[in-house]
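Please read the structure below before turning to the comments.
The values are calculated or read from the model by the stated rules, or taken from the named source; none is laboratory data. Given the structure is predicted, the values throughout are model-derived calculations rather than measurements. Note that we place each Cβ from the backbone using ideal geometry, even for glycine, and neighbour counts take in every protein chain shown. These accessible areas exclude ligands, DNA and RNA; they are computed on the full protein's heavy atoms, side chains included. Shrake-Rupley method; radii C 1.70, N 1.55, O 1.52, S 1.80 Å.
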Amino acid sequence: MMPRAQLTTFLIVTSFLSTVTYLGAPVHGGVLTSYDVSSLDIMSKIHTDHDATTKASSDFGHIVHATPNGVFRPTFPADIAALIRLSLSQPTPFTVAPRGKGHSSRGQAFAPGGIVIDMSALGDHGHHTSHRINVSVDRMYVDAGGEQLWIDVLHTALKHGLTPRVWTDYLRITVGGTLSNAGIGGQAFRHGPQISNVHELDVVTGMGEMITCSPEVNSALFFAVLGGLGQFGVITRARIRLEPAPKRVKWVRIAYSDVHPFTTDQELLISKRASGSGFDYVEGQVQLNWTLTQGRRSSSFFSATDLARLTGLAIDTGSVAIYYIEGAMYYDDNTAASVDQKLDALLEELSFVRGFVFVRDASYVEFLDRVGREEQNLRSAGAWDVPHPWLNLFVPRSRILHFDAAVFKGILRNANPVGLILMYPMNKDMWDDRMTAMTPDEDVFYAVGLLRSAVAGGSGGDVEQLERENAAVLELCDLAGGGIGCRQYLPHHASRDGWRRHFGAKWGRVADLKARYDPRAILSPGQGIFPPPPPPSPPPAAAGEPITAS
C-alpha cells in the first residue's frame, strides 16, 4: 500500500492536473504554465509527513482528534489566498483551517481530510517574525500579524511606552485566534472585548480574495470576521488600539463567603468606568470548598498561610464556596504616591469578609503574564498536556444567582475540580452588535468559565464525569427548554440546530455572510457551523490497472 503521505500528495497533484485540463489551461510538451508553477509552489508548502499531520490533529483540549491530509506553511499572506484559490479550482474543494497555537478545546481549528494552515510559519523566511509587529507611536496603534502572540505584541508595544487596552488572561495565543472569538478579560468592563479595540484588518476570504477592511471600508467583512469563528476569512493583520502603558500594578484579591455581596460588589466595580476611577481590571473566581480542603496546597498568588486562613473561613462559615474578586489598579511614577490611598478608599466601599484582603505589588508585565508563569509550573508537574473539557458561558445578570445556586451549590457541589472557575461581569454597551460575537440581551452579563483539567490520579481525571457535569450545566442553560438563557463563549455545538439557537436573530445574517465570503464552506470546518463539501475521491483506475504514484 502506498504510504499515506505519498498518497495524499498524489491525489492533490492528480486532482490539480485534471482541474487544469478542465479549466482549459494546457500543458504543452510537459512545460507548465505560470498558473501551474504558482500552484505547484503552493503545493510544495503542504507537508503530509506524520509529525506535521499528527500535531495538527490535536489541540489544547485533548478531547477530540481529527487528522488533516496536510499542513500548509505559508511564507506570505498571499500564499494563503493562493491555497484557497487552489482549493476552489478543484471539482470538490478541500477544506482549510487556520491554526495558531491550537488553544481550542473542541477541535475548532481542525480540518478533517483537508488542509490546516500553520499560521506560525507566516513571515518566517530568514528574519525574526517581529517585523510583523509594527507600532505607530503618533497614531497610537500596533499592526500585528494574525499569527503573532499577544505576549510578543506586549513586549514590542512596551518598547514605545504603549500597550493594548484589553488582554486575555493567557498571552501565548495568537492575535487572529482571539479576534476570531472576542478576546475577553478583566479590562473588558471598561474597554470592551479585544474585538472592540480594532481599527482595521487584512483578511483572506473563502473566495481567495485579500481584502483590507475597517468600520468605514468593506465594513460588512470587518464586522463579520470579528468574533466570526473563522467562518468568513483568515485574519492576516490587525490594527489594534494602544494607550500609554503603566509601570506597576496593585494586584488585589478579596474574599467572600456569600455570593450576594460578591456579585453586588463586582457590579459596583464595573460601574466605575471613568479613567482613573476604581480598578483597571476586574475579574472573579469561585473556589469550591472541596478544593480548598482537599485540593493542592500551592498557589502562585496566595501564600501557604493565606490558603490556611481561607480554608478556615470555608469551614467556619459552612459555605459551599469561597468567592474572590480579583482587581488590579495600575500606576506609574506620577501616581505611585497616591495609589495606596486610592485603593484603601475603594476597598471601604466593598462588603468582603473583613481581614480577607490580599495585596501584591507587581510589575505590569508580571501581572499580565501571570498565567504564563503558572503554565510553567503545570508543565513541570505534568498537568498541562492533559484533557481540558472547558466550558465558557455568558450568563445574564438577572439569572446569575439562579446559576450559582443550581451549578455551584447543585451540580458541582461535591465536585473536586482541578483548574479554575471564573465568574465576573461585563457591560453590554461595550460590545458592538454588528460583530458576529454573541452575548445575552441584558445590560450586564457574567463570564463564567469552568476551566477544569482532567489530571490523572484523582477524580478530576475522569473526563467522562466532567463532560456529564458540563452537559448538565448546558441543559440548565438551554434556551429552547426555557432555561437560564446563557450563550456559549468559545462555543461548541453538536448540531446545526444548536448553532441556529446560538446565533438567534443573527442566524440569517450569519448565513448570508457565509454565502458571500465563503460560499463553498471550506473555511474552519472544525467549528461545525456549516457543512463542508464532501471529501475528494481519488480518480478511478482503469480495470485491472493499479493506482501508482508518478
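Considering all C-alpha pairs of region 248-496, those separated by over 22 Å amount to 58%. Rounded to the nearest 20 debye, the dipole magnitude of the chain is 300 debye, with +1 charges on Lys and Arg beta carbons, -1 on Asp and Glu beta carbons, and the Cα centre as origin. Share of carbon and sulfur in the accessible area of region 107-233 stands at 49%, probe radius 1.4 Å. Once backbone amide H atoms are built at 1.01 Å from N, Ser524 has Val96, Ala97 as its partners under 5 Å, excluding neighbours fewer than 5 places away on the same chain. Relative contact order of the chain, taken over Cα pairs closer than 8 Å and 6 or more residues apart, is 17 percent. Hey, what number do you get for the chain at 222 nm if only DSSP H runs of n ≥ 4 count, each worth -39500 (n - 2.57), divided across all residues, to the nearest 500? About -9000 deg cm²/dmol. Scoring 369-381, 211-223 by mean Cβ neighbours within 10 Å over their residues and listing the highest first yields 211-223, 369-381.
Angle check, please: helix 304-317 long axis (alpha carbons) against the longest principal axis of the chain (alpha carbons), in degrees 0 to 90, nearest 10. Rounded to the nearest ten degrees, it is 70.
Note the angle between two axes, namely the Cα long axis of helix 507-517 and the longest principal axis of the Cα atoms of the chain, as a number of degrees from 0 to 90, rounded to the nearest 10. Here the helix axis deviates by roughly 40 degrees.
How high is the relative contact order of region 133-244, given as a whole-number percent (alpha carbon pairs under 8 Å, six or more residues apart)? All intermediate terms of the calculation are to be shown ahead of the outcome.
Numbers: 230 pairs, mean separation 35.9, N = 112.
For region 133-244, the relative contact order is 32 percent.
Taking the three principal axes of the alpha carbon atoms in the chain, the coordinate ranges are 85, 53, 45 Å, sorted in descending order.
Within straight-line reach of Lys55, meaning a Cα separation under 28 Å, sit the following lysines at least 8 residues removed in sequence or on another chain: Lys45, Lys101. Solvent exposure of region 248-496, expressed per residue, is 42 Å² of accessible area, with all protein chains present and a 1.4 angstrom probe. Listed by chain and number, the lysines placed with their C-alpha closer than 29 angstrom to that of Lys342 are Lys159, Lys247, Lys250, Lys272, Lys428; residues fewer than eight positions away on the same chain are left out.
So how tilted is helix 370-380 from the main axis of the chain? Cα-based, degrees 0 to 90, rounded to 10. Once rounded, one gets 70 degrees. Taken one residue at a time, the phi angles of region 321-338 give Karplus couplings (6.51, -1.76, 1.60, θ = phi - 60°) of 8, 10, 10, 10, 8, 10, x, 9, 10, 7, 7, 9, 4, 6, 10, 4, 5, 10 Hz. Gly and Pro are set to x.
Rounded to whole Å and sorted largest first, what semi-axes of the equivalent ellipsoid does the C-alpha gyration tensor of region 206-328 yield via the square root of 5 times each eigenvalue?
Working: eigenvalues 346, 72, 45 Å².
With the √(5λ) rule applied to region 206-328, the semi-axes are 42, 19, 15 Å.
Near Thr174, the amide H atoms lying under 5 Å from its own belong to Lys101; only residues 5 or more places off or on other chains count, and H is placed 1.01 Å from N.
Annotation: amide H of Met423 within the under-5 Å range of Gly284, Gln285, Val286, Gly449, sequence separation 5 or more or interchain, hydrogens built in the peptide plane. Here the alpha carbons of region 133-244 define both size measures, Rg and Dmax, at 13.0, 39 Å. No disulfide-compatible partner, judged by a Cβ distance under 4.7 Å, exists for the following cysteines of the chain: Cys213.
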